[in-house]
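Worksheet: one structure, shown below.
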Amino acid sequence: TASAVVADVIDCVKHFAARKYLYWEDGAPELVRNINDQIVQMYLRVGGQSEDELAASVEKVFGACERIARDDVHNEAGFIVPAATYAEQLSKKQQLEWCGVQVLGFLRVFTDKEALTEE
């Protein structure tokens, strides 16, 4: 952002005599993990059918889910799906789309790390 650029320029002016050498180097493999292997929960918003039909389709693919309902929205539903690897979540989302369910939103939900760690 512009404010970050301004902060960097001010930092350079304040420390004009100091030399900061920046360079790239290879990182250690353990510093970055593959997102597909991460265990995550997802918020899933679906539409195009009645809410009961959507719930049945989602639970058939994902298993028992936490349902999120709004009174002012019809033929649309939201769910927090059970934790699984990100790759598994994407595969299940695709299965749901193949079943004719319209996926309107699919977002990672940040939760307590202890609940999602592999044992």
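Quick one: would you say residue 62 is closer than 16 Å to residue 48 by Cα, modelled with pLDDT of 95 or more and not β-branched (Val, Ile, Thr)?
no
Please find, among 69, 56, 28, 7, the residue that is modelled with pLDDT under 85, more than 21 Å from residue 109 (Cα to Cα) and among the small types (Gly, Ala, Ser).
Matching residue, one of 69, 56, 28, 7: 28.
If I filter the range 52-62 for residues that are free of Cβ contacts under 8 Å to residues at least 60 places away in the same chain, surrounded by fewer than 14 Cβ atoms within 10 Å (Cβ to Cβ) and in a loop (DSSP other than H, G, I, E, B), do I get at least one hit?
Scanning the range 52-62, I find no residue that is free of Cβ contacts under 8 Å to residues at least 60 places away in the same chain, surrounded by fewer than 14 Cβ atoms within 10 Å (Cβ to Cβ) and in a loop (DSSP other than H, G, I, E, B), so the answer is no.
Just wondering, is there one or more residues in the range 86-99 that are surrounded by 14 or more Cβ atoms within 10 Å (Cβ to Cβ) and assigned to a strand (DSSP E or B)?
No, that holds for no residue.
Taking residue 2 as meeting all but one of (1) on the phi > 0 side of the Ramachandran plot; (2) loosely packed, with under 10 Cβ neighbours inside 10 Å, write down the number of the exception.
(1)
Quick check, is residue 46 of a type outside the set (Lys, Arg), surrounded by 12 or more Cβ atoms within 10 Å (Cβ to Cβ) and assigned to a strand (DSSP E or B)?
yes
If you scan the range 36-90, which residues turn out to be acidic (Asp, Glu) and in contact with a Leu (Cβ under 8 Å, 6 or more places away or on another chain)?
The answer is 76, and nothing else.
List pairs: first in the range 83-95 and closer than 11 Å to residue 58 by Cα and in contact (Cβ under 8 Å) with a residue 24 or more places away in the chain, second of a type outside the set (Ser, Thr, Tyr) and in a helix (DSSP H, G or I), Cβ under 6 Å, 6+ apart or cross-chain?
Final answer for the pair search is 92/61; 92/62; 95/61.
The values are calculated or read from the model by the stated rules, or taken from the named source; none is laboratory data. What you are looking at is a predicted structure, and each value in this text was computed from that prediction instead of being measured. Quick reminder, even Gly has a Cβ in these numbers, built from the backbone with ideal geometry, and neighbours come from all protein chains shown.
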